[in-house]
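For reference, the structure discussed in these notes is given below.
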Amino acid sequence: MARRSATHTPTNASFFNFFKNPKLTFPCGLIFMDALLVALIIAYVPYTKIDWDAYMSQISGFLEGERDYSNLKGDTGPLVYPAGFLYVYSAVQYITGGEVYPAQILFGVLYITNLAIILFIYVKTDVLPWWALTLLCLSKRVHSIFVLRLFNDCFAMTLLHAALASLLYQRWHLGLIVFSAAVSIKMNVLLYAPPLLLLMLKAMNDGGVISALSGAALVQILLGLPFILSYPVSYISRAFNLGRVFIHFWSVNFKFIPEPVFVSKEFAVSLLAVHLVLLAAFAHYRWCKHEGGLIKFLHSRYVYLKMRFAHSSSSGTSFKILNKEHIVTTMFVGNFIGIVCARSLHYQFYSWYFYSLPYLLWRTSFPTLLRLILFIGVEFCWNVYPSNIYSSFLLTCLHLVILWGLWSASPEYPHLDNKASKRKE
């Protein structure tokens, strides 16, 4: 008996320590309370019809055998998402029978699943104080996007966050496969691609990078194969159209820009140029600061590659485990740069970066009060309907303030030795 009691003592201690640690128990409480809130929203707040009927029409055409993307249409227009969207919403239609109410329940489960994943990421990086995790549950707009609008952004971002959680444990091949699956549902996930590639170059040798990218490409090929074999031009031109021009009326961020300028090619090219410059600047001066800058880092990779080919050996590599905080910071900031430079942000696009917003605010050196003001300000702008020149201008200014705070913050050390890694986990 004494031996049995001694055997169970560590387990009991761990059990009680779990409940004594607010950084562990508080997220669990948030998940439970938010699940209740989601249930109440589904039960008492009217569903808003936007894209659901169009989704179901497009899915019906696909299930009836249509493989020409130009013929897959709904009441809001032609299908513009990659093939993964069709498979996911075919499953949704099968589970729900195409009915809204059961679909809302399904999306409620998806919302809680996504919240659990993102809380896991926040707990692992330990950037926020435990009470600030509450901010992740306070968005009226994001609740609406998930359970009242049923947008495909919800599936894409949940998979993206799952991919990021995999990267925290250096599961790069798995992370790339899940990342590619997210891209197959909506292409906005590609905003994470530049920082992800940089992280891969830091964490993997050239063979690992190539094999991981090949796995991601294979996912796209397999999912799109029925359409590539039948109507390849139609599929690629519509599913991966990077030149779409959104309607000025629905823009949440650049409504203050005159419509002729907003829809012009010059405006789009200017934003793209700013996007690329910002990515290069952050990569050189922030993400690769400890490696001597982006150019020196890429040169070191080139030298390593030459030495490897010269000696026909992979010995002598110096790749190290990446710090979890460095991974998340690089990914979230890279995506946020894309958000700042996006020509148009529609209301559902808030889900693209809302869950990174508290993390980004706490990566700045701003005082806590200013962080909260910025968070509330961004949420306010996204809940102004319809957006106007004042709300969109305010949102852009808030984005720029946050971006400046991220630029001014000291970059974290990117690598973690094995002992430190074991202690953190």
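Values for this structure:
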| read-out | value |
| --- | --- |
| Out of L272, L361, sole residue that is under 15 Å from H399 (Cα atoms), assigned to a helix (DSSP H, G or I), hydrophobic (A, V, I, L, M, F, W, C) and at pLDDT 95 or above | L361 |
| Filter pass, H346 being surrounded by fewer than 21 Cβ atoms within 10 Å (Cβ to Cβ), closer than 30 Å to L150 by Cβ and in contact (Cβ under 8 Å) with a residue 12 or more places away in the chain | yes |
| Counted residues, region 227-244 - those being farther than 14 Å from F62 by Cβ, assigned to a helix (DSSP H, G or I) and of a type in the set (S, T, N, Q) | 1 |
| A268, sole failed condition from (1) open to solvent by 50 Å² or more (accessible area, probe 1.4 Å); (2) under 24 Å from the mean Cα position of the chain (by Cα) | (1) |
| Helices (runs of 4 or more DSSP H) within region 29-126 that include 2 or more residues closer than 20 Å to V142 by Cα and polar (S, T, N, Q) | 100-125 |
| Residue pairs meeting the criteria (Cβ under 7 Å; at least 6 apart or on separate chains; first closer than 10 Å to Y89 by Cβ, in region 46-75; second basic (K, R)) | Q58/K73 |
| Conditions (1) assigned to a helix (DSSP H, G or I); (2) modelled with pLDDT under 95; number of the one not met by L279 | (2) |
| Set R171, R149: member being more than 30 Å from Y44 (Cα to Cα), among the charged types (D, E, K, R) and open to solvent by 40 Å² or more (accessible area, probe 1.4 Å) | R171 |
| Pair list, Cβ under 8 Å, 6 or more apart: region 287-298 residue open to solvent by 100 Å² or more (accessible area, probe 1.4 Å), other residue among the hydrophobic types (A, V, I, L, M, F, W, C) and at pLDDT 90 or above | K296/C288 |
| Exclusive hit being touching an Asp or Glu at 6+ places or on another chain (Cβ under 6 Å) and of a type in the set (G, A, S), set A43, A54 | A54 |
| Candidates G207, G224 - the one that is part of a helix (DSSP H, G or I), out of contact with any His (no Cβ under 9 Å at 6 or more places or on another chain), in contact (Cβ under 8 Å) with a residue 40 or more places away in the chain and under 28 Å from H326 (Cβ atoms) | G207 |
| Total residues in region 326-347, condition over 19 Å from F179 (Cα atoms) and assigned to a helix (DSSP H, G or I) | 2 |
| Boolean, V142 is under 29 Å from D51 (Cβ atoms) and in contact with a Gly (Cβ under 6 Å, 6 or more places away or on another chain) | no |
| Conditions (1) more than 19 Å from the chain's Cα centre (by Cα); (2) more than 30 Å from Y390 (Cβ to Cβ); number of the one not met by A216 | (1) |
| Residue, farthest from the chain's Cα centre (by Cα), within region 20-64, restricted to residues that are loosely packed, with under 13 Cβ neighbours inside 10 Å and among the aromatic types (F, W, Y) | Y44 |
| Any hit, region 153-167, residues being open to solvent by less than 10 Å² (accessible area, probe 1.4 Å) and in a loop (DSSP other than H, G, I, E, B) | no |
| Residue among G108, G84, G98, G77 that is within 27 Å of L36 (Cβ to Cβ) and either buried (at least 22 other Cβ atoms within 10 Å of the Cβ) or not acidic (D, E) (or both) | G108 |
| Looking only at region 235-265, and only at residues there that are surrounded by fewer than 16 Cβ atoms within 10 Å (Cβ to Cβ) and hydroxyl-bearing (S, T, Y), the one that is farthest from the chain's Cα centre (by Cα) | S264 |
| Residue under evaluation S351, criteria (1) part of a loop (DSSP other than H, G, I, E, B); (2) among the hydroxyl-bearing types (S, T, Y); (3) out of contact with any Lys or Arg (no Cβ under 8 Å at 6 or more places or on another chain), criterion not met | (1) |
| Residues (in contact with a helix residue (DSSP H, G or I) (Cβ under 6 Å, 6 or more places away or on another chain), closer than 30 Å to Y347 by Cβ and among the aromatic types (F, W, Y)) located in region 255-302 | F256, F262, F267 |
| Test: residue in region 67-79 that is small (G, A, S) and closer than 15 Å to P27 by Cβ | no |
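The values are calculated or read from the model by the stated rules, or taken from the named source; none is laboratory data. Computed from a predicted structure; not experimentally measured. Methodologically, a virtual Cβ is constructed for each residue, glycine included, from the backbone with ideal geometry; neighbour enumeration extends over all protein chains shown. Remember, those area values only see protein heavy atoms, side chains included, never the ligands or the DNA or RNA. Shrake-Rupley method; radii C 1.70, N 1.55, O 1.52, S 1.80 Å.
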